[in-house]
Each structure stands twice: as C-alpha cells, then as structure tokens.
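Before any comments, here is the structure.
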Amino acid sequence: MRKPVIAGNWKMNHNHIEGSDVFIELNDILKEENFTSNEVSAVIIPPFTAIRSISTAAEASGSLIAFGAQDISTHDSGAYTGEVSGEMLKALGVKYVLVGHSERREYHNDSDPAILTAKVKQVLKYGMTPIFCCGEALDVRQKKEHITFVQNQLKEVLGNFSTDEISQMVIAYEPIWAIGTGETATSDDAEEVCAAIRQWLNDNIDSQTAEKVRIQYGGSVKPDNAAEIMGKANIDGLLVGGASLKANDFAKIIQYGYEL
Ligand code: PGA
C-alpha cells in the first residue's frame, strides 16, 4: 500500500509571520479532527523565508505536518549568490523538495535535464524526498502527445538514477493548463497520465519500483474535487497550490477521505 502524500505548495505567498499562523491553524484543525499522519503524509511547502518560523512552530506544537522547500541548489556550498543548499534545508528539518515545477521551468529557465538531475541528486544526498514535477502544456495535449511528452520528461531526469534512488521519489503530474486556472483535469484525464507514469516505471525500471513510487496529481485541486481524484487507482497524492493557502481548505483536502 502506498501512503498518500498531500502537499501544499504556497509558491511566493505568505511571509514568515503569515506562514507560521496558517501552519499553526492547520495543525490545530487537524489535531481537533483527530487526523493521524499514519494514514496520509501532510506537507506544507512554503517560501524559503518562512521555513525557519514554521519549523520552530512545528517543534513547539508536536506537528502532524511535514514541511518542504520549493527549490534547491545544485551545489553543496560556496560562491553561489541567491542559492540555498541541501545542507541548509536539511538543517531546518525539511523533508521534501520540489524539483522541476512548471513555473520554475517556464519563468526561471529551470528546465535543463542536467540541472534538474543535479537538483534531485542534492535532495537525495541530504536524505530528503524529491517531488519531481512533470506535465504538458495545452498545445501538447491538444495534439494528443501528452503521454509521450511526460514519459520523455521522466526519461530525461529519472533515467539518470538507480532503482533504489527512484523508489525514494515522489512524482507529481501537473498539466500546465490546469495550474492556477480553475481548469482541473478530469479525474480520468489525471488517472490516464498517472497510470502511464507507473507504466513507464514498470517498463524502464522494474515492477517493484513502479508499485512503490507515489504519484501525485496537481492543478486546481480544491476541497470539492480532492476525494474524486484521490479515488483513482494510480493517484497517491495531491500537489495543491491556491487551495493550500487557507488552513480550512487545505485541512479539508488533507482529510479528503472523511469528506465523502
Ligand atoms: P494550483 O497549483 O492548485 O493553484 O492549480 C498547483 C501547483 O502548481 O502545484
């Protein structure tokens, strides 16, 4: 059984004060509702500047929620202005790191497979879990090339890792046309690609790894569509943007199973 992983990517929202307030509120709601992190891994991925405050709040309150980072340097340390290293993230208690999010690929030129590979290597080197993001733009889907496109994104990066390394990763399928647009892929659309990702793992890595790797869907997930998407056989989690910014909404998404 794959344990679902539901992650909230705050992107460039919430400063450290707002961020720790939302984190504490979310943790309180989940405690009140007897949420247990044995069933679902709940993760908040704030901007770098809020990680320290959140880690302090988490330590103080016995948190049920893990936290992550939105990017990582390809280097260990040194003269790399503006970068944040794996060692720094690890020291803050970060557990998950996003790599290859479509907004970084598109707006920050962060799409070179060699760089993405180096970032995933850094995440693993420091004992954290990479969430490797993939997904097609609208024109690719319209040409019905979305499956080969996504499988190629996997090949370019995951092709550089051992079976053991891949089995530690989370893969997030996020069709770009569904991110922040209110346009959700139907649960069948999402399942089609997540199943194709698992098939790729099965064919190119091995069947055990394919069974083990957790695959998330992301793109306009909301409290009212989370349960349906999570009901699909190959979807083991959600990567949530906008709807993770408010504690109440995100608590409902984390507890999708209870909302049915
Ligand atoms: P969204 O973002 O939920 O706001 O569509 C998802 C993401 O980019 O991870």
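The values are calculated or read from the model by the stated rules, or taken from the named source; none is laboratory data. Not measured: the values here are computed from a predicted model. Quick reminder, even Gly has a Cβ in these numbers, built from the backbone with ideal geometry, and neighbours come from all protein chains shown. Accessible surface areas use protein heavy atoms only, side chains included; no ligands, DNA or RNA. Shrake-Rupley method; radii C 1.70, N 1.55, O 1.52, S 1.80 Å.
Being among the acidic types (Asp, Glu), under 21 Å from residue 123 (Cβ atoms), part of a helix (DSSP H, G or I) and away from the ligand (no atom under 16 Å from the Cβ) is true for just one of 191, 165. Which residue is that?
Checking each option against the conditions leaves just 165.
Is it the case that some residue within region 136-159 is part of a loop (DSSP other than H, G, I, E, B), aromatic (Phe, Trp, Tyr) and closer than 20 Å to residue 205 by Cβ?
No, region 136-159 has no match at all.
Which one of the conditions (1) in contact (Cβ under 8 Å) with a residue 12 or more places away in the chain; (2) assigned to a loop (DSSP other than H, G, I, E, B); (3) not aromatic (Phe, Trp, Tyr) does residue 50 fail to meet, given that it meets all the rest?
Condition not satisfied by residue 50: (2).
State all residues of region 41-62 that are open to solvent by 10 Å² or more (accessible area, probe 1.4 Å) and closer than 24 Å to residue 1 by Cα; if no residue qualifies, say none.
41
Quick check on my filter: what residues within region 238-252 are buried (at least 24 other Cβ atoms within 10 Å of the Cβ) and within 10 Å of the ligand (Cβ to nearest atom)?
Those that are buried (at least 24 other Cβ atoms within 10 Å of the Cβ) and within 10 Å of the ligand (Cβ to nearest atom): 238, 239, 240, 244.
Can you tell me which of (1) under 27 Å from residue 24 (Cα atoms); (2) open to solvent by 10 Å² or more (accessible area, probe 1.4 Å) is the one residue 216 doesn't meet?
(2)
I'm trying to understand the selection: among the residues of region 60-71, which are touching a residue at least 12 places away in the same chain (Cβ under 8 Å) and in a helix (DSSP H, G or I)?
61, the sole residue that qualifies.
Test each condition in (1) among the charged types (D, E, K, R); (2) surrounded by fewer than 17 Cβ atoms within 10 Å (Cβ to Cβ); (3) within 11 Å of the ligand (Cβ to nearest atom); (4) not in a loop (DSSP other than H, G, I, E, B) for residue 228 and report the one that comes out false.
For residue 228, the failing item is (3).
For region 204-225, which residues satisfy the criterion of being in a loop (DSSP other than H, G, I, E, B), closer than 16 Å to residue 4 by Cβ and not hydrophobic (A, V, I, L, M, F, W, C)?
Those that are in a loop (DSSP other than H, G, I, E, B), closer than 16 Å to residue 4 by Cβ and not hydrophobic (A, V, I, L, M, F, W, C): 223, 225.
Taking only region 72-128 into account, find how many residues are part of a helix (DSSP H, G or I) and under 14 Å from the mean Cα position of the chain (by Cα).
Of the residues in that region, 5 qualify.
In region 156-199, what count of residues is obtained for those that are open to solvent by 60 Å² or more (accessible area, probe 1.4 Å) and closer than 17 Å to residue 105 by Cβ?
3
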